[in-house]
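Engineer: Structure incoming, see below.
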Amino acid sequence: MTSKRIKLQEDTHFRVLRLLRENSEMSQRELAEAVGVSVGGIHYVLNALIEKGLVKLGNFTAAEDKRRYAYILTPKGVARKAALTHAFLRRKIEEYEALREEIEVLKKEIEPPDDANSLRLLAK
């Protein structure tokens, strides 16, 4: 797998684990909408998380439709979510710093010159 693909997969896993930690009774459709992937894509992600032992299936009793599941983070899933949170935050801080530097360079490109020599050159 390429580095970009791994990052995308980790980001998707992070977002799904984060959402399930907040609400284990989200439907696949709700998860897909929240993460920004197709329902088929979220089904694939959930199966991968279940196979890795990060999420387990449970029926939730309040539902009239007994085919609905709760997706519960396992202790291993909670630990993986913490590691992914750390990596995600580190990556976002790096992106922020790079963007901030680029903004500063662009600001300098559009600022009018300060010194008199530059003004005289522009006036000619």
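Engineer: Which of the residue pairs K7/K56; K7/K76; K7/K108 have a Cα-Cα distance greater than 29 Å in the structure shown?
Structural biologist: Details: K7/K56 24 Å; K7/K76 20 Å; K7/K108 33 Å.
From the list (K7/K56; K7/K76; K7/K108), the Cα-Cα distance tops 29 Å for K7/K108.
Engineer: Relative to the present Cα-Cα distance, how much length would full extension add between D11 and L57 at 0.36 nm per residue of separation?
Structural biologist: Working: separation 46, 0.36 × 46 = 16.56 nm, distance 2.16 nm.
Length gained between D11 and L57: 14.4 nm.
Engineer: Students often check this: by mean Cβ neighbours within 10 Å, which of 86-92, 76-82 ranks highest, and how do the rest follow? Provide the component values of the computation, followed by the final result.
Structural biologist: On the way: 86-92: 12.6, 76-82: 15.9.
Highest-to-lowest ranking by the protection proxy: 76-82, 86-92.
Engineer: If Lys and Arg each add +1 and Asp and Glu each add -1, what is the summed charge of the other residues whose beta carbon sits under 15 Å from the beta carbon of R80? Could you put the intermediate results ahead of the total?
Structural biologist: Numbers: positive: R15, R18, R21, K52, K56, K76, K81; negative: E10, D11, E51.
Every neighbour counted, the sum reads +4.
Engineer: May I pose another question? Can you compute the label reach from A87? Point 7 Å from Cα along the Cβ direction, backbone N cut-off under 11 Å, restricted to region 21-51.
Structural biologist: In region 21-51, the label zone of A87 (backbone N under 11 Å from the point 7 Å along Cα→Cβ) covers no residue.
Every number in this text was worked out from the coordinates using simple rules, so none of it is lab data. Predicted model, so just to flag it, every value in this text is computed and none were measured. We place every Cβ from the backbone using ideal geometry, glycine too, and count neighbours over all the protein chains shown.
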